[in-house]
Amino acid sequence: MKKLVSSGSPFENSIGFSRACRIGNQIAVAGTAPIKNGKTAFVGDLYNQTKYCLAVSARAIEEAGGGVEDVIRTRIMLIDIGRWEDAAKAHCEFFSDIKPACTFVEVKGLIDPEWLVEIEVDCVLS
């Protein structure tokens, strides 16, 4: 069984990807940026951009038949690693009890220079 989930991102069709893809008991959530109604949400605010990306990811996971408790790994890509604590605070609010494997990395840039963060999430349903 393969299930594709869309979040309505304007990049899904032009790049050719789904927000999430479920095969069997695994769900992969694509790099999720802070896009709301086609525009960057919370410009300049890493904490709220991170929270927003995690909320979009959580909705995709739920639509694919999972829940945040099924998350086993997150990847947090930041354009300024010096601000990692802002992203970590938002991550902890979602995952303090779940404690998935997590990686924070600094990247040279993202598609839109207003994006401060992009997040990938992997799930295994029990």
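Structural remarks
- Of the peptides 2-10, 21-29, the order by per-residue mean of other Cβ atoms within 10 Å, starting with the highest, comes out as 21-29, 2-10.
- Other residues within the sphere of radius under 12 Å centred on the Cβ of G8, judged by their own Cβ, net out at +1 (K and R +1, D and E -1).
- Calculated from backbone phi, Karplus (6.51, -1.76, 1.60) coupling profile of region 109-115 in Hz, x at Gly/Pro: x, 10, 3, 10, x, 7, 6
- Spacing of the modelled spin labels on K108 and S96, each 7 Å from Cα toward Cβ, amounts to 3.8 nm.
- Length added when fully stretched, V124-S6, from 0.36 nm per residue minus Cα-Cα: 40.6 nm
- Coupling constants for region 33-43 follow from the phi torsions by the Karplus curve (6.51 cos²θ - 1.76 cosθ + 1.60, θ = phi - 60°), and in residue order they are 9, x, 9, 10, 6, x, 10, 5, 8, 6, 3 Hz; glycine and proline get x.
- Proximal lysines to K89, defined as alpha-carbon separation beneath 26 angstrom and excluding residues fewer than eight positions away on the same chain: K36, K39, K51, K99, K108
- Stretching I81 away from K36 to a fully extended chain increases their span by 13.8 nm, per 0.36 nm per residue minus the current alpha-carbon distance.
Laboratory data are not the source of any read-out in this text; all were calculated from the coordinates shown. Predicted model, so just to flag it, every value in this text is computed and none were measured. Every residue, glycine among them, receives a Cβ derived from its backbone with ideal geometry; neighbour counts consider all protein chains shown.
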